[in-house]
Amino acid sequence: MGLRAEAEAMLEETLEDEDLFGWPLTITDPSGFSAHLSGGFTDISRVIDPETGVAVTGRLASAVVRLSTLSLEGFTAIPRGISESTSKPWRVDTVDINGNACTFKVQESNPDRALGVVVLILELYTP
């Protein structure tokens, strides 16, 4: 097994194990198909304005999931942002550290096919 395959296998332990860094996520595609899985999750509330360099109030959330897990769970596509406002988005539902439910839509996705993960840039969503 090469180092990349080993690294992807180690992600199953570190990224998906909720006793380590894994966080419970429910991913739903635009058709309504969903799966419960674990991945990395961040949700911070301070953003730097790139034009001025000033800190502004905002919310920046992201999730990281293994591509192999998405496939095993039955997804046939990688989550991605949907720009048409009339179409249903890919969603990520989770809870914050205090147990408050949060629903996000996928704004952007960045697959890393060398390591076998996809980083999902999220924004708050009200269905």
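The values are calculated or read from the model by the stated rules, or taken from the named source; none is laboratory data. Keep in mind that this is a model prediction, so the values were computed, not measured. With ideal geometry, Cβ positions are generated from the backbone for all residues, glycine too; neighbour counts draw on all protein chains shown.
Quick notes on this structure:
- Which listed residue, of Thr103, Thr126, is at pLDDT below 95 and among the β-branched types (Val, Ile, Thr): Thr126
- Single residue of region 34-56 satisfying the filter (loosely packed, with under 13 Cβ neighbours inside 10 Å and within 25 Å of Leu115 (Cβ to Cβ)) that is nearest to the chain's Cα centre (by Cα): Thr42
- Residue match in region 23-31 (condition: in contact with a Phe, Trp or Tyr (Cβ under 8 Å, 6 or more places away or on another chain) and part of a helix (DSSP H, G or I)): no
- Those strands (runs of 3 or more DSSP E) of region 57-127 in which at least 3 residues are among the hydrophobic types (A, V, I, L, M, F, W, C) and buried (at least 20 other Cβ atoms within 10 Å of the Cβ), considering only elements entirely within it, cover 117-124.
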